[in-house]
Amino acid sequence: MSDETNPASGNPGNAAQTDPSAPPAQEQANSGSTSRSPDFQDLSAYSAEQREFLKTKGYKDVPALIESYRNLEKSMGGRVALPKDTDDESAWSEFYKKTGVPENVEGYGIKPASEFANDLLQVAHKIHLTKRQAEQFLKISEDGLLAGDQLEAERFKKNVEAAKEAWGDKAAANADLLQRAKNAYGLTDRQHQEIAEVLGFDKATSILLSLGRQNADGVSGGNSGGASDRDSDSMVDYLMSKRNRNDQGL
């Protein structure tokens, strides 16, 4: 047997022979691409749903998909899970604590400017609002109250103007009677408005006119010389008690 056909001869003519220890030709061909990330150019191996997902999301290769998933996990890490047992009060307390709800009203660090604001804070804590939510709740509520007060004041002013027009020649005399009643019982225009809000403008004004006439005639009630020694709040309560009565006998 010649050296040309003997694999062990070391003859250079054997360079074309296949080395049994070498990797397959296809693996050698692919070895140069191991540092390149597989892409999604060929989607034939994926289901229709998977192909549509990749197409919609625009992922070009596996690293892009992995990075997207990592970012998703990061964003999910800051979320607080709801208690599995909805009747577990301690679990809910822990949940509210993690979401930023203080343990008590003082924890808001908000100094209420009024009793109304303090009541609102109590409500805010009862419904488990965070400090930011509580601040917004107070602002919206107080703005709404202010807008309501302004609306009532404007309505009262228009009612006064309409009443004076309806009184005609008696407008000046009736205005004097109203003022007498207010002076006698220490009532302010604001209290007149509040009474009107409860009783209605016509009813409240009718009562005050009657009291003004009694005062002018020297009948009991108030002090014709100025503000009454009777507390004005008591007078308001007295007027409210007339809500379901007519003017006769007042």
The one condition SER44 fails out of (1) among the small types (Gly, Ala, Ser); (2) more than 48 Å from the chain's Cα centre (by Cα); (3) surrounded by fewer than 13 Cβ atoms within 10 Å (Cβ to Cβ); (4) modelled with pLDDT under 60 is (4)
Expected output for the range 85-101 (first residue assigned to a loop (DSSP other than H, G, I, E, B), partner not hydroxyl-bearing (Ser, Thr, Tyr), Cβ below 6 Å, 6+ apart or cross-chain) is VAL101/HIS128
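From the list GLN136, GLN150, GLN122, which residue is more than 30 Å from ILE195 (Cβ to Cβ) and either in contact (Cβ under 8 Å) with a residue 12 or more places away in the chain or assigned to a helix (DSSP H, G or I) (or both)? Before you say what the answer is, go through the steps one by one.
Numbers: GLN150 fails: more than 30 Å from ILE195 (Cβ to Cβ); GLN122 fails: more than 30 Å from ILE195 (Cβ to Cβ).
Step by step, each of GLN136, GLN150, GLN122 is checked, and only GLN136 is more than 30 Å from ILE195 (Cβ to Cβ) and either in contact (Cβ under 8 Å) with a residue 12 or more places away in the chain or assigned to a helix (DSSP H, G or I) (or both).
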Taking the range 127-147 and the residues there that are closer than 18 Å to SER93 by Cα and of a type outside the set (Ser, Thr, Tyr), the one that is surrounded by the most Cβ atoms within 10 Å (Cβ to Cβ) would be ALA134
Taking the conditions exactly as written (within 30 Å of SER210 (Cα to Cα) and free of Cβ contacts under 8 Å to residues at least 40 places away in the same chain), does ALA166 satisfy them or not? yes
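Can you find a residue in the range 109-119 that is part of a helix (DSSP H, G or I) and of a type in the set (Ser, Thr, Tyr)? Can you show your working first?
Narrowing the range 109-119 to residues part of a helix (DSSP H, G or I): 115-119.
Now drop any that are not of a type in the set (Ser, Thr, Tyr), which leaves none.
No, the range 109-119 has no match at all.
Which of the residues belonging to the range 179-203 are in contact with a helix residue (DSSP H, G or I) (Cβ under 9 Å, 6 or more places away or on another chain) and at positive phi? Talk me through it step by step, then tell me what you get.
Filtering the range 179-203 for residues in contact with a helix residue (DSSP H, G or I) (Cβ under 9 Å, 6 or more places away or on another chain) gives 179-199, 201-203.
Within the range 179-203, just GLY186 meets the criteria.
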Say whether the condition of being at pLDDT below 85, more than 30 Å from ASN118 (Cα to Cα) and in a helix (DSSP H, G or I) is met by at least one residue in the range 185-206.
-> yes
Condition set free of Cβ contacts under 8 Å to residues at least 24 places away in the same chain and more than 43 Å from the chain's Cα centre (by Cα), scope the range 169-213, selection farthest from GLU152 (Cα to Cα): answer is ASP169
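The values are calculated or read from the model by the stated rules, or taken from the named source; none is laboratory data. Since this is a predicted model, take the numbers as computed values, not measurements. With ideal geometry, Cβ positions are generated from the backbone for all residues, glycine too; neighbour counts draw on all protein chains shown.
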